[in-house]
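For reference, the structure discussed in these notes is given below.
The values are calculated or read from the model by the stated rules, or taken from the named source; none is laboratory data. Small disclaimer: the values here were computed from a predicted structure and weren't measured. When we count neighbours, we look across all protein chains shown, and the Cβ atoms used for this are built from the backbone with ideal geometry, even at glycine. Note: areas computed on protein heavy atoms with side chains; ligands, DNA, RNA excluded. Shrake-Rupley method; radii C 1.70, N 1.55, O 1.52, S 1.80 Å.
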Number of protein chains: 2
Amino acid sequence: MVRQQDTATNETHIVIIGAGFGGLQAALALGKKLPDVQLTVIDRTNHHLFQPLLYQVATAALSPADISTPIRHVLREQKNTVVIMSEVTGIDVAQKRVLMRDGSISYDYLIIATGAHENYFGHTEEWQPLAPGLKNLDNAREIRRKLLLAFEQAEVETDPERVQKLLTFAVVGAGPTGVELAGAIAELAYKSLLPEFRHIDPARIHILLIEAMPQILGSFPRSLSKKARHELQKLGVDLRLSTPVEEITTDGVIAGGEWIPANTIIWTAGVQASAAGQWLGAETDRAGRIKVLSDLTVPGHAEIFVLGDTATLMQDGKPLPGIAPVAMQQGRYVASVIERRLANKQSGAPFHYRNKGYMATVGRAFAVAYIGKVRFSGFLAWILWLLVHIIYLIGYENRLIVLMQWSWSYLRFQRHARIISRPERHE
Amino acid sequence: MVRQQDTATNETHIVIIGAGFGGLQAALALGKKLPDVQLTVIDRTNHHLFQPLLYQVATAALSPADISTPIRHVLREQKNTVVIMSEVTGIDVAQKRVLMRDGSISYDYLIIATGAHENYFGHTEEWQPLAPGLKNLDNAREIRRKLLLAFEQAEVETDPERVQKLLTFAVVGAGPTGVELAGAIAELAYKSLLPEFRHIDPARIHILLIEAMPQILGSFPRSLSKKARHELQKLGVDLRLSTPVEEITTDGVIAGGEWIPANTIIWTAGVQASAAGQWLGAETDRAGRIKVLSDLTVPGHAEIFVLGDTATLMQDGKPLPGIAPVAMQQGRYVASVIERRLANKQSGAPFHYRNKGYMATVGRAFAVAYIGKVRFSGFLAWILWLLVHIIYLIGYENRLIVLMQWSWSYLRFQRHARIISRPERHE
């Protein structure tokens, strides 16, 4: 039985579900602004994950621990904060209780920051086991294992068709994640692995990036998208634009009517919000995001806030994008709203996202970025990308280690974390 | 079907099974001495594992990749060397073929360096699933998960008996691995984790080191064993000497007649050689080690060498110990024997182990060591331990990263790799 967080005192109890970018920022801001309230953070894992670098774990450049920090370590100085590792199963809005698989907990204010997962558009059951997404460490480890094992198996395989299939890697979806992943796979394959194998013909390696829309990085300005496309092609990635995926099997993928035998298929083609909309019975958009009010509360529930990838809010006629800076600003905003309420102040301004720009990297020395109307691409954009990602990495030690491993990869084309984990069992 | 390594040419083909300390040294020496022979290295994983630091992975100080290097990366400059990731299932000594699960391969010379695994002394089936050993990365990840998850569960548990059980960690076997692991668990528990939990009573944490013999580090001189014992006790480890384990269940362990409820039990009480003795039908000792001749060949098979933990050889009236320096010296020795044979030289001197000394570390600033009659203990011995282990780490990048992570852990009591991987599924 889980410890019940119901206090006998009159202390306000704020519960945060999810310690991603949004939830963690809310927790840190509340710890600073309101050291006397009681704060509980619930997450189903024990660590905050720096998702933007997951593709580097999947391609063996970084270790899982390099992009993960224990949540309770980040919040260790906040003596009013309790961290619980558990899975939330629902919310009793009438009783104001969060239901977990091994207990429940009451709240006065609730902040839901439970993120999103891959959207297979009605094919989750058939396609997810065959084409993992890239949303968590298990995904990244699984992709790493598939990539590295494919080369090991191709080294000893004599049937040319099987070799071709083993060395075909298909990434579905050319948003930032797909573009970054395809570029990193190309570098892993051609630069790091190929020189160490004796029997692999480079001509057999085939890295595809398959996209239903006519351009990659659809949310980026045309000119940048075009530059990223050229860079990907230079790395050896075969781009298939305007090519919807029709079927995925254990042997390959059908895309744009063409049958492509492929050993490794990775799905980065869309996201679906967490189940929070169902927990609350709240109105959602097609991707399951809860339509929140301008103060990020759920209509009819001034005590429940939703933020990040689980919420949708219009700004300047467009929904806010599902990226880390939005979630982080929302986390801090929610903390300030609760602070005002507890101080019986008038409600403040509605949430407004201050655009920090967008960036995506292609390979080891090229990125595209734009902030407002300013656009840049190439090596300098990549340096900017590098700095931003290292600065936002939680934990000083992680920053140093990641910087070191990147320097090493950059100088030597070597990859640190080439472990084939969870090998198939043959015992 | 695996590529068949049978050459039409008359080139000599040397096959090495296992890329641990012994196999890898043999491969490197043969690459240097005999660049014109054909060399194949077979291992069931893709990486060489620095086993002496596995306990640091199990206690979240290092990441798996920090102590692993891809075998083919180590051997990449040897153009005559092919690395195969596969599982060996047997040896056809008459046909001189190594049988793998997906093919077979012929040899002129065979070097078997397949190591050892945990010995549960007749209880493997019942005890192994409950009390993992510490021989590979899967073990280390499993132990790490158990340790970290126990604290997470204890934080929300209200039943005092269950809390006690969750926070009881029993290490069975007080050889160097058990001593190092128990010390590292104590530091992880008291120094790194405890300050970050809100509901855990330090008095409930119970770390046991259970040993059937009357002293820890049985192979060390008495005086050093005593010093290590005091140091372990200072760290908070409860030593149970002369206490044989009688039973292991899902709920705990019976040792010396006492029932000890324990959530985490780790087995480091003995080793069993790999199945190579059965493959060859060769004479072995009780632990399954093949009794090799003084040139490390198998009696009756001058073309088959066995080394490291899979072999046993007497020197000065005692069997050589199963430690990395023995395996490494044997690997280089075997390379020189094969070199002499191919050059039609007279056979050289029998193998003689040059003793490099023994060391074990207890916690973060104390070690015991002896070389011949010289004995030392304390901080200086620990610095020596540190240097030796970093120098022998394969891969420059690994050395730098490990040194950095150790410095960080040492200065801050922080542990880098506190990921709970493979969480229980509740979907």
For chain B, whose charge dipole is built from +1 on Lys and Arg Cβ atoms and -1 on Asp and Glu Cβ atoms, the candidate among B:P176, B:I391, B:A302 with its Cα farthest towards the positive end is B:I391
The set of residues whose placed amide H lies less than 5 Å from the amide H of A:L239, leaving out same-chain residues fewer than 5 positions away, is A:L209
Within 10 Å of the Cβ of an average residue in B:144-156, the count of other chain Cβ atoms is 3
Listed residues B:K33, B:K373, B:K356; largest mean-square fluctuation, Gaussian network over chain B with Cα springs below 10 Å, found at B:K373
Rounded to a whole number, the mean other protein chain Cβ count within 10 angstrom for residues of B:314-322 is 0
Chain B: relative contact order from alpha carbon pairs under 8 Å, six or more residues apart, as a whole percent, is 20
Two pseudo-spin positions, 7 Å from Cα along C-beta at B:I371 and at B:S219, lie apart in nanometres by 1.8
Applying the gyration tensor rule to the Cα atoms of the protein assembly as shown (axes a ≥ b ≥ c; rounded if a/c under 1.5, else prolate if a/b exceeds b/c, else oblate), the class is oblate
For region A:283-295, Karplus-derived ³J(HN,Hα) couplings (6.51, -1.76, 1.60; θ = phi - 60°; whole Hz; x for glycine and proline) come out as 6, 10, 8, 4, 8, x, 7, 6, 7, 8, 6, 5, 9
Shape call for chain B, from the Cα gyration tensor axes a ≥ b ≥ c (a/c under 1.5 means rounded, otherwise prolate when a/b beats b/c, else oblate), comes out prolate
Ordering B:16-24, A:191-199, B:187-195 by per-residue average of other C-beta atoms within 10 angstrom, highest first, gives B:16-24, B:187-195, A:191-199
Any residue on another chain or 5+ positions along whose placed amide H is under 5 Å from the amide H of A:W259 is listed here as none
Quick note, region A:124-269: a/c under 1.5 would make it rounded; otherwise a/b > b/c is prolate and the rest oblate (a ≥ b ≥ c, C-alpha gyration tensor); here it is prolate
For the pair B:T89 and B:K234, the simple spin-label estimate (label points 7 Å beyond Cα toward Cβ) gives in nm 5.4
For A:K291, counting only lysines whose alpha-carbon sits under 19 Å away and dropping same-chain residues fewer than eight positions off, the answer is A:K318
From most to least accessible, 1.4 Å probe, no ligand or DNA/RNA atoms counted, B:F379, A:F376 line up as B:F379, A:F376
Treating only Lys and Arg (+1) and Asp and Glu (-1) as charged, each at its beta carbon, one finds that the protein assembly as shown has a dipole about its Cα centre, in Debye to the nearest 20, of 2900
For B:I84, the residues 5 or more places away or on another chain with a placed amide H closer than 5 Å to its own amide H are B:V41, B:I42, B:D43
Taking the label point 7 Å from Cα along the Cα-Cβ vector, the copy-to-copy distances for B:R399, listed from shortest in nm with one decimal, are 2.8
Asserting the computed 222 nm helical MRE of chain A (DSSP H runs at least 4 long, -39500 (n - 2.57) per run, divided by residue count, to nearest 500) equals -9500 deg cm²/dmol
Hits for chain A under the membrane-span-like helix rule (DSSP H, Cα axial span at least 15 Å, Kyte-Doolittle mean at least 0.5) are A:21-33, A:176-187, A:379-392
So, relative contact order of region A:76-174 in percent, Cα under 8 Å, 6 or more apart, is 11
In a Gaussian network model of chain B with springs linking alpha carbons closer than 10 Å, the residue among B:I143, B:I67, B:I371 that fluctuates most is B:I371
Output field shielding_mean for A:66-78 (other chain Cβ, 10 Å radius) holds 4
Surpassing 19 Å at the alpha-carbon level, of the pairs A:K226/A:K356; B:K33/B:K345; B:K33/B:K79; A:K234/A:K373, are A:K226/A:K356; A:K234/A:K373
Distance in Å, no decimals, from the C-alpha centre of region A:184-228 to the one of region B:186-246 is 52
Here the gain from full extension of B:Q346 to B:D316, 0.36 nm per residue of separation minus their alpha-carbon distance, amounts to 8.3 nm
Connecting every pair of Cα atoms under 10 Å apart in chain A and solving the GNM, the largest mean-square fluctuation among A:A116, A:A94, A:A186 falls on A:A94
Length-normalised contact order of region A:267-391, Cα under 8 Å, at least 6 apart, in percent, tallies to 14
For the pair A:R198 and B:Q128, the simple spin-label estimate (label points 7 Å beyond Cα toward Cβ) gives in nm 3.2
With all protein chains present, the protein assembly as shown has a carbon and sulfur share of its accessible area (1.4 Å probe) in percent of 53
Around A:G173 (Cβ within 11 Å, Cβ-to-Cβ, excluding A:G173; K/R +1, D/E -1) the net charge comes to -2
If every Lys and Arg gets +1 and every Asp and Glu gets -1 at its Cβ, then about the Cα centre region A:62-111 yields a dipole, in debye to the nearest 20, of 140
